[in-house]
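As structure tokens, the structure follows; a few thoughts come after it.
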Amino acid sequence: TTPLLEVKGLKKLFPIKKGMFQQPSFVHAVNGVDITIHKGETLGVVGESGCGKSTLGRCMMRLIEPTSGEIIFEGQDIRTFSKRDMHRTRRNIQMVFQNPFDTLNPKLTIQRILSEPLIAHQIPSWERQKLIEETIEIVGLNKRHLSRYAHEFSGGQRQRIGIARALILRPKLIIADEPVSALDVSIQSQILNLLQDLQEQFALTYIFISHDLSVVEHIADRVAVMYLGEVIELAKKEDLFRNPMHPYAQALLSAVPLSDPDEKKERIILKGDLPSPSNPPAGCKFNPRCHACMDICKTTVPELKEVDGNLVACHLYS
Ligand code: SF4
Ligand code: MG
């Protein structure tokens, strides 16, 4: 099957302001990411804060303009699109954010919040009200909520409204950036279940960005692990959680509690801190923290390569 979205060599550099006479320098927030996303799947994107996962998510729908690379959505590179074509495409790619508190205007009623995307995409007025009423119920709220303001709702309800807003145009792809991280654990599972129901009902494809591996284990089909702006492993969820290949993924996964309490696993404590993204080490960027580091790791960047049907960027596997 042809992928729904294909990201090729995607880079985002942010300039760092320095003294007037110094050479400009850059943070490679996203440093050459290749990812293929299939229709109907959920791709988890995980990594520590600052690894570039949020920037990657925003670049994928051009909320942040990438520095270079291709973003092929349904066979077309949306980076070449005019403003107008991009606007049209946004109907199909929507985003759910971590904090509905920040992204829902407290001065607007839910009715207005849900109308705005419909108006922006010229949905005829006779269709709008039907969509609004349908969608608010689908996310587990009801018509009576429409006349109320965002601040009147709890965190979980606000995220339902955020999801309704993303869903109202019936997109194909939803990019969710830490959609449950601001919520209580009990509410988290309700929202995750809602997202899974919606996926089935509307044949949605998800990119699910999270630092929380337990949440990703619950929802993802495949998982991309990022480190300093790069994907270092991309694997089927079961394979990654059972048998992570990259030493960084192994350390990250070792901190996740096992669902079977009889099983034992050893927590791998990483040495050293996350290096500055503006001045990463040569070769494999993980080498100063890696227990398996070899000579080649200090000079040569490992490519992301297929190993046993998954992808890993590590010299241990070449
Ligand atoms: Fe460790 Fe070398 Fe693999 Fe990097 S390439 S993760 S330093 S073994
Ligand atoms: Mg983030």
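Looking across the range 86-123, the residues that are farther than 23 Å from residue 73 by Cβ and of a type in the set (Val, Ile, Thr) come down to 109, 110, 113, 119.
Pick out, from the range 211-318, the helices (runs of 4 or more DSSP H) lying fully within it that include 2 or more residues that are of a type in the set (D, E, K, R). Even if it seems obvious, please write down each step before you answer.
Working: elements: 213-219, 237-242, 247-254.
Counting at least 2 such residues, we get 237-242.
How many residues, within the range 93-116, are surrounded by fewer than 20 Cβ atoms within 10 Å (Cβ to Cβ) and not charged (D, E, K, R)? Spell out how you get there, then give the answer.
Looking only at the range 93-116, we keep the residues that are surrounded by fewer than 20 Cβ atoms within 10 Å (Cβ to Cβ), and these are 99, 101-103, 105-109, 111-112, 116.
Filter once more, keeping what is not charged (D, E, K, R): 99, 101, 103, 105-106, 108-109, 111.
Final tally of qualifying residues: 8.
Restricting the range 176-203 to residues that are without any contact (Cβ under 8 Å) to a residue 24 or more places away in the chain and among the polar types (S, T, N, Q), the residue that is nearest to ligand 1 (Cβ to nearest atom) is 196.
Out of everything in the range 167-190 that is part of a strand (DSSP E or B) and either aromatic (Phe, Trp, Tyr) or touching a helix residue (DSSP H, G or I) at 6+ places or on another chain (Cβ under 8 Å) (or both), what residue ends up being farthest from ligand 2 (Cβ to nearest atom)?
Start the filter on the range 167-190 by keeping residues that are part of a strand (DSSP E or B), which leaves 173-177.
Now restrict to residues that are either aromatic (Phe, Trp, Tyr) or touching a helix residue (DSSP H, G or I) at 6+ places or on another chain (Cβ under 8 Å) (or both): 174-177.
Numbers: 174: 16, 175: 12, 176: 12, 177: 6 Å.
Per the stated criteria, the residue is 174.
For the range 120-143, filtered to residues that are among the polar types (S, T, N, Q) and assigned to a loop (DSSP other than H, G, I, E, B), the residue that is farthest from residue 194 (Cα to Cα) is 122.
Among the residues of the range 265-318, not one is aromatic (Phe, Trp, Tyr) and within 16 Å of ligand 2 (Cβ to nearest atom).
For the range 70-126, which residues satisfy the criterion of being aliphatic (A, V, I, L, M) and within 23 Å of residue 142 (Cα to Cα)?
Scanning the range 70-126 gives 95, 96, 104, 108, 110, 113, 114, 118, 119, 123.
Answer yes or no: is there a residue in the range 267-281 that is near ligand 1 (Cβ under 10 Å from one of its atoms), within 23 Å of residue 12 (Cβ to Cβ) and either crowded, with 16+ Cβ neighbours inside 10 Å or at pLDDT 80 or above (or both). Write out each step before concluding.
As a first pass, look at the range 267-281 and keep what is near ligand 1 (Cβ under 10 Å from one of its atoms): 281.
Cutting the leftovers down to within 23 Å of residue 12 (Cβ to Cβ) gives us 281.
Keeping just the survivors that are either crowded, with 16+ Cβ neighbours inside 10 Å or at pLDDT 80 or above (or both) gives 281.
Looking for residues that are near ligand 1 (Cβ under 10 Å from one of its atoms), within 23 Å of residue 12 (Cβ to Cβ) and either crowded, with 16+ Cβ neighbours inside 10 Å or at pLDDT 80 or above (or both), one finds at least one in the range 267-281, hence yes.
Only one of the numbered conditions (1) within 16 Å of ligand 2 (Cβ to nearest atom); (2) out of contact with any Ser or Thr (no Cβ under 8 Å at 6 or more places or on another chain); (3) touching a residue at least 60 places away in the same chain (Cβ under 8 Å) is violated by residue 45, and that is (2).
Would you mind listing the helices (runs of 4 or more DSSP H) fully within the range 23-119 where at least 3 residues are at pLDDT 95 or above and of a type in the set (D, E, K, R)? Quick ask: steps written out before the conclusion?
Working: elements: 53-60, 83-90, 100-103.
Ranges flagged: 83-90.
Scan the range 83-105 and give yes if some residue there is touching a Ser or Thr at 6+ places or on another chain (Cβ under 6 Å), of a type outside the set (A, V, I, L, M) and closer than 23 Å to residue 180 by Cα, otherwise no. The answer is yes, given that some residue of the range 83-105 is touching a Ser or Thr at 6+ places or on another chain (Cβ under 6 Å), of a type outside the set (A, V, I, L, M) and closer than 23 Å to residue 180 by Cα.
Quick one: count up the residues across the range 200-211 that are in contact with an Asp or Glu (Cβ under 8 Å, 6 or more places away or on another chain), within 16 Å of ligand 2 (Cβ to nearest atom) and within 17 Å of residue 189 (Cβ to Cβ).
Within the range 200-211, residues that are in contact with an Asp or Glu (Cβ under 8 Å, 6 or more places away or on another chain), within 16 Å of ligand 2 (Cβ to nearest atom) and within 17 Å of residue 189 (Cβ to Cβ) number 1.
Scan (1) within 16 Å of ligand 2 (Cβ to nearest atom); (2) under 19 Å from residue 312 (Cα atoms) for the single condition residue 232 breaks and write down its number. Failed condition: (1).
The values are calculated or read from the model by the stated rules, or taken from the named source; none is laboratory data. Note that this is a predicted model, so its numbers are computed, not measured. Note that we place each Cβ from the backbone using ideal geometry, even for glycine, and neighbour counts take in every protein chain shown.
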